[in-house]
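Please treat every number below as a calculation from the coordinates, not as lab data. From a predicted model like this one, the values you see are computed outputs, not experimental measurements. Note: ideal-geometry Cβ built from the backbone for every residue, glycine included; neighbour counts use all protein chains shown.
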């Protein structure tokens with residue numbers, strides 16, 4: 001089990017707080033709409049950061065948003081450098097987070113199973 005690196009975690013938390021505001025206020029790309037930053041992982045040497053995000057909509061919207069974020073990655077990194085007191089700001093890599101979709105699908109399956117179970121009388 002890897003050791004937790006508190007400084008990397010603090011940097012990830014700060015990036016997770018700063019990025020949504022930067023995206024909302026500064027990114028003018030129409031492909032980047034409403035999105036939620038679900039998690040940021042920074043590696044131990046703080047050279048790279050994986051930014052997990054989710055959006056509403058279909059696969060085409062997810063892909064377009066990912067392209068827009070990748071295109072704006074350098075700009076976002078430079079804006080983060082102005083807001084954060086770091087010698088080196090991590091290079092941002094954006095990844096679409098499908099965990100929300102999977103969670104909604106599982107919830108729907110559970111609700112369907114409960115409804116099916118309620119239809120059948122219990123044998124005692």
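Assorted remarks:
- Contour minus Cα-Cα distance for residue 7 and residue 78 (0.36 nm per residue): 23.5 nm
- Counting beta carbons within 10 Å around each of 110, 23, 15 and listing the fewest first gives the order 110, 23, 15.
- Percent antiparallel among DSSP beta bridges (both partners in the chain, rounded to 5): 55
- When 107, 93 are sorted by how many other C-beta atoms sit within 10 angstrom of their C-beta, beginning with the fewest, the order is 107, 93.
- The range 1-109 - Rg (one decimal) and Dmax (whole number), Cα, Å: 14.5, 48
- Extension gain, residue 50 back to residue 101 (0.36 nm per residue minus Cα-Cα distance, nm): 16.4 nm
- Computed from label points 7 Å out along Cα-Cβ, the spacing between residue 108 and residue 71 is 3.0 nm.
- Label-point separation, residue 34 to residue 61 (7 Å along Cα→Cβ), nm: 0.8
- Inter-probe distance in nm under a simple model that places probes 7 Å from Cα toward Cβ, at residue 85 and residue 116: 5.9
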